[in-house]
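Data first, discussion second: the structure below is written as structure tokens.
Every number here is computed from the coordinates shown, using simple stated rules; none is lab data. This is a predicted model, so every value here is computed, not measured. Here the Cβ positions follow ideal geometry from the backbone for every residue, glycine too, while neighbour counts run over all protein chains shown.
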Amino acid sequence: MSEMYKNIANALNLRESTLHVYLSKNEVSPAAMRAKEYAMSVGWTPSYKEHVPHADLLARVDQKIQSLQPMEKIVFLEDISKALGVSIQTVKRAYGNTDHRNAELESRIRMAGQIMGYIPGRKKPRSIKPVCFWRGGNYHNKADEVARMKQLRAEGYNNQEIAQKIGRAYNTVLNNIGKQDPLMTKTTRQMAAASRKQKSAARAAYVRNKPIAEYNAKVQEHNELKAKLNALQVELLTEKPQIEQAAKITVTAPQMNLVNLQPTALN
């Protein structure tokens, strides 16, 4: 075989490495096709095998082709793939410039595309979000977006989960609804290495315990204010005698005789 490659390469004025590339399965350039044609004429046979589709696949494709109708909308490769029940890669190979082709199946695919009205080379455009949505988000205005954030917060989701659900950055959530409360932070830490079921249970526990935590915070604030009031009352009782004594003292200012005062002449 090496001697045959060497003779073919010398006849075509090619290097043996270049000839190996030209005679490979996936090479379909004009020079490669000419090299394959000459090599087969002198007795070379490819070592790879062409893929032959199963008879049931061809029969199923033929049956679906008979029921095809021209489509009113623009036809793409995805529509042909869905109509025939074959993979999108098979349809792409039928319209692509590849050497590993299956002539029978790909001819049927091109026939189906012609019936449906497919124009070769047409690509499906990328999906574009409507401009009416709020700054590229998933809501029509900022009020709806913030309301959804608050709803998720009330359901027990932390800021990171809210950002993932609405498709926004963490700082956007932080700027709109503020920091999460300490109980939520504690719940988040508990949920970090938990399973989905445990996360749901922890989130439900947070929803149940949030009113209790708010009540305890109010009670603590009330106790702190009450302690400050008691301290002020004690201080007032301590200073009360001094205040009463100071109130009894009468200060009499000396009376000045303003009648005898004369203006002083300036020198």
Q. log₁₀ I(q)/I(0) of the range 55-116 at q = 0.22 Å⁻¹, via Debye over equal Cα point scatterers, no solvent, to two decimals?
A. -0.85
Q) Hey, what do the phi angles of the range 224-235 turn into as Karplus ³J(HN,Hα) couplings, whole Hz, using 6.51/-1.76/1.60 and θ = phi - 60°, x for Gly and Pro? A) 5, 5, 5, 5, 5, 5, 5, 5, 5, 5, 5, 5
Q | Backbone HN-Hα couplings from phi across the range 147-157 [Karplus 6.51/-1.76/1.60, Hz, Gly and Pro as x] | A | 5, 5, 4, 5, 5, 5, 4, 5, 7, x, 8
**Q.** Residue list for the range 219-237, given a label point 7 angstrom along the Cα-to-Cβ vector of Ala246 and an amide N cut-off under 15 Å
**A.** 235-237
**Q.** Loop sites in the range 156-188: trypsin sites (Lys or Arg not before Pro), DSSP, at most 14 other Cβ within 10 Å
**A.** Lys179
